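The values are calculated or read from the model by the stated rules, or taken from the named source; none is laboratory data. The model shown is predicted, which means the values in this text are computed figures rather than measured ones. Don't worry about glycine lacking a Cβ; one is built from the backbone with ideal geometry, like all the others, and counts go over all protein chains shown.
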Amino acid sequence: MGWLTLVLTTTDDRKHEDFREQLRGAGRIVADSELLDAGAGGGSLLALEREAWKEARRLVAGQPEVRVLRVWDEIVGDYDAESNDQYVSLVANPDDAAIDFDDPTVAGAERATLAAFLPQMGQSFIAMSTLMNDWFHCSGAITVLKAASQAEAASLAASDPWRALGPHRLYRTRRAAFRRVQPPPGPNTQRYGAANPWPGGSFAG
């Protein structure tokens, strides 16, 4: 049970290698991938060790298109393999638009995820995690899914409950940066400690 530092850029006007180089001094990179256009432009994603948190935020300060967030560590893989069927459904708000984790909007998205979204995805589901910008606030969520085409991925992501929290983006990952995990058990959505992104460490129902 724990978290890693996830750094995202949601613009395609910079090369992935340049973004990776900028963050190299923050800490060990566990996994990374270029985010390929699946209807929302491009971007980049880096998962770093949790100890990189403060330095990563310092390095990207003043860059409004970059997010530094906590992500559940269990979903991140260290695979060095190309991917052509892994997509991410992403809501990643800036710090000033993050929502208190006890807000009904967050609780509603958690319940809808357990009750409808995950069953709908079935075997297409790979992993998911809420994204946190501090100890108490939810900045959105990342849901990783497998799809044979961009159209199938878009259809699956269309009912993502986390869209209620902010702007939604869909990308295909160039590398298989995420590992398959078991869907979280329901109906309980409580977390072990405020620092842990849901569903990491959630109680079984």
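Structure notes:
- Any hit, the stretch 142-149, residues being among the hydroxyl-bearing types (Ser, Thr, Tyr) and outside any strand (DSSP E or B): yes
So that you can scan it fast, the table gives a plain yes or no per residue for (1) under 13 Å from the mean Cα position of the chain (by Cα); (2) of a type in the set (Ser, Thr, Tyr); (3) part of a loop (DSSP other than H, G, I, E, B):
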{"residue": "THR5", "(1), (2), (3)": "yes, yes, no"}
{"residue": "PHE19", "(1), (2), (3)": "no, no, no"}
{"residue": "GLY39", "(1), (2), (3)": "no, no, yes"}
{"residue": "LEU45", "(1), (2), (3)": "yes, no, no"}
{"residue": "ALA61", "(1), (2), (3)": "no, no, yes"}
{"residue": "LEU90", "(1), (2), (3)": "yes, no, no"}
{"residue": "THR105", "(1), (2), (3)": "no, yes, no"}
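- Residues satisfying the stated conditions in the stretch 5-29, i.e. among the β-branched types (Val, Ile, Thr) and at pLDDT below 95: THR9, THR10, THR11, ILE29
- Only one of the listed residues (ALA56, ALA107) is in contact (Cβ under 8 Å) with a residue 60 or more places away in the chain, of a type outside the set (Ser, Thr, Tyr) and over 18 Å from GLN182 (Cα atoms). That residue is ALA107.
- Residue count for the stretch 110-139 under the criterion of being part of a helix (DSSP H, G or I) and either under 16 Å from VAL91 (Cα atoms) or touching a residue at least 12 places away in the same chain (Cβ under 8 Å) (or both): the result is 13.
- Which numbered condition SER83 fails, given (1) in contact (Cβ under 8 Å) with a residue 60 or more places away in the chain; (2) closer than 11 Å to VAL7 by Cα; (3) not basic (Lys, Arg): (2)
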